[in-house]
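> After the C-alpha cells below, expect a handful of questions from me.
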Amino acid sequence: MDTAGFLVLLLSSSFLFEGNCLDDSGPKSESSELCPSDIDSVLRQMSAALSAQQVEINHMQEGIRQLKEENRHLLQENQENKVEIRQLQEENQAMRTEVDSLLNNDKAQEAALERLQTSSSVTEHKVEALTHDKTVWQVAFSAALVDFRSQSFGPDDTDTTLVYKHVVANIGNAYNPQTGIFTAPVRGVYHFHVHIFELFGGSHYAIVSLVKNGTKMVTAWEVHSSGHGSSSNSMSVLLEAGDEVYVVLWRSARIFDDTDHRNTFSGHLLFTV
Ligand SMILES: *[C@@H]1O[C@H](CO)[C@@H](O)[C@H](O)[C@H]1NC(C)=O
C-alpha cells in the first residue's frame with residue numbers, strides 16, 4: 001500500500017470515529033474530538049504498513065543488486081566469449097595457412113614427380129635407342145653382279161647404275177639388290193669397295209665409279225686391247241642418314257661377270273659420328 005493510501009485511511013478513520021469515542025469515564029460522548037485510542041490504532045497500522053513497505057523496498061533493492069551482479073557476470077562472460085572467439089578465429093587462420101602450405105607442398109611434389117617421370121621416359125628412350133643402335137647399326141654388305149649365268153653389261157649410250165643381284169651378305173639391309181643402291185641408315189663413316197672384271201676383245205674399256213648421291217666419288221678403270229682385265233677402287237666416306245651410294249658403269253664401257261663373281265660391290269659402316 002502506498003503513502004497516499006495511508007493518508008486516505010487515516011482521514012476516513014478520523015471521520016469514522018468522530019463523535020463515537022468511548023472513554024473510560026462513562027458512556028459515549030457527543031464530542032467532535034478524535035479518540036486517542038483510534039489515533040493510536042491508525043498510527044500502529046501505518047507503522048506496520050511502512051515497515052512492510054520498507055521490507056518490500058529492501059527486497060526490491062536486493063533484487064536490483066542481484067540483477068546488477070548478474071549483468072556484470074553476463075558482461076564478463078560476454079568479454080570472455082569475445083576473447084574465445086578471437087582465439088578461435090586465429091586458430092582457424094593458422095589452420096588455413098597450414099592447409100595452404102600443404103597444398104603448395106603437394107603441388108611441389110607433383111612437379112617433382114612430373115620431372116621424375118619425364119627424366120625416366122627420357123632414360124627409357126635412350127635405353128631403347130641404345131638397344132636399337134645395337135641391332136640396326138651393324139651394317140655390312142657384299143654383292144656380286146650376277147646370280148646364276150654369264151652376262152656382259154654395256155656398252156650403253158648413258159651411264160647406268162649397276163644392280164648387284166648376288167647378295168653375299170647384307171647385314172642391316174641397307175643395300176637394296178633390286179635397285180643396286182645402298183642407303184645409309186645412320187650418320188657415320190662408311191667404307192666402300194668395288195671390283196670389276198672384263199673379257200677384252202676389240203676396243204672396249206671397263207670403267208665404273210662409286211657414286212654418292214649423284215656425284216662420282218672414285219673410279220676403277222681398265223683398258224686393254226685383248227685378254228682379261230680387272231680393276232678396283234675404294235673409299236671411306238662420311239654419310240648422313242639417307243645418303244645413297246651405288247656403282248655406275250660409264251657410258252660405252254663394258255664389264256663381264258659369271259658365277260665366279262668377279263664383279264663385286266661391298267660396303268661397311270666403320271663407326272657412327
Ligand atoms: C642424298 O639423297 C637422298 C635421296 O634422294 C636424300 O634423302 C638425301 O638428303 C641426300 N643427301 C644429301 C647430302 O644431299
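> Name the strands (runs of 3 or more DSSP E) wholly inside the stretch 177-265 in which the number of residues that are closer than 20 Å to HIS166 by Cα and within 14 Å of the ligand (Cβ to nearest atom) is 2 or more.
181-183, 244-249
> Hey, any hits in the stretch 112-128 for a residue that's of a type outside the set (A, V, I, L, M), in contact (Cβ under 8 Å) with a residue 24 or more places away in the chain and away from the ligand (no atom under 16 Å from the Cβ)?
No, because not a single residue in the stretch 112-128 is of a type outside the set (A, V, I, L, M), in contact (Cβ under 8 Å) with a residue 24 or more places away in the chain and away from the ligand (no atom under 16 Å from the Cβ).
> Based on what the data block shows, is SER152 among the polar types (S, T, N, Q), over 16 Å from LEU269 (Cβ atoms), surrounded by 18 or more Cβ atoms within 10 Å (Cβ to Cβ) and more than 16 Å from the ligand (Cβ to nearest atom)?
Spelling it out, it is not the case that SER152 is among the polar types (S, T, N, Q), over 16 Å from LEU269 (Cβ atoms), surrounded by 18 or more Cβ atoms within 10 Å (Cβ to Cβ) and more than 16 Å from the ligand (Cβ to nearest atom).
> So, GLY180, is that one surrounded by fewer than 17 Cβ atoms within 10 Å (Cβ to Cβ), of a type outside the set (Ser, Thr, Tyr) and under 23 Å from ARG251 (Cβ atoms) or not?
no
> Further question on the same structure: Show the residue pairs meeting these rules: Cβ distance below 7 Å; 6+ apart or different chains; first residue within the stretch 147-165 and within 18 Å of HIS193 (Cβ to Cβ); second residue in a loop (DSSP other than H, G, I, E, B) and hydroxyl-bearing (Ser, Thr, Tyr).
Once the first residue is within 18 Å of HIS193 (Cβ to Cβ) and sits in the stretch 147-165, its partners that are in a loop (DSSP other than H, G, I, E, B) and hydroxyl-bearing (Ser, Thr, Tyr) give VAL163/THR179.
> Sticking with this one: So, in the stretch 33-68, exactly how many residues are in contact with a Ser or Thr (Cβ under 6 Å, 6 or more places away or on another chain) and either polar (S, T, N, Q) or assigned to a helix (DSSP H, G or I) (or both)?
The total comes to 1.
> Within the stretch 119-176, work out how many residues are in a loop (DSSP other than H, G, I, E, B) and among the polar types (S, T, N, Q).
Qualifying residue count, the stretch 119-176: 4.
> A follow-up question, please. Would you be able to tell me the number of residues in the stretch 254-269 that are within 18 Å of ARG149 (Cβ to Cβ) and of a type in the set (A, V, I, L, M, F, W, C)?
Final tally of qualifying residues: 2.
The numbers here are math on the coordinates, done by the rules we state, and not lab data. Bear in mind that the values here come from a model prediction, so they are computed numbers and not experimental data. Using ideal geometry, Cβ is built from the backbone for each residue, glycine included, and neighbour counts are taken over all protein chains shown.
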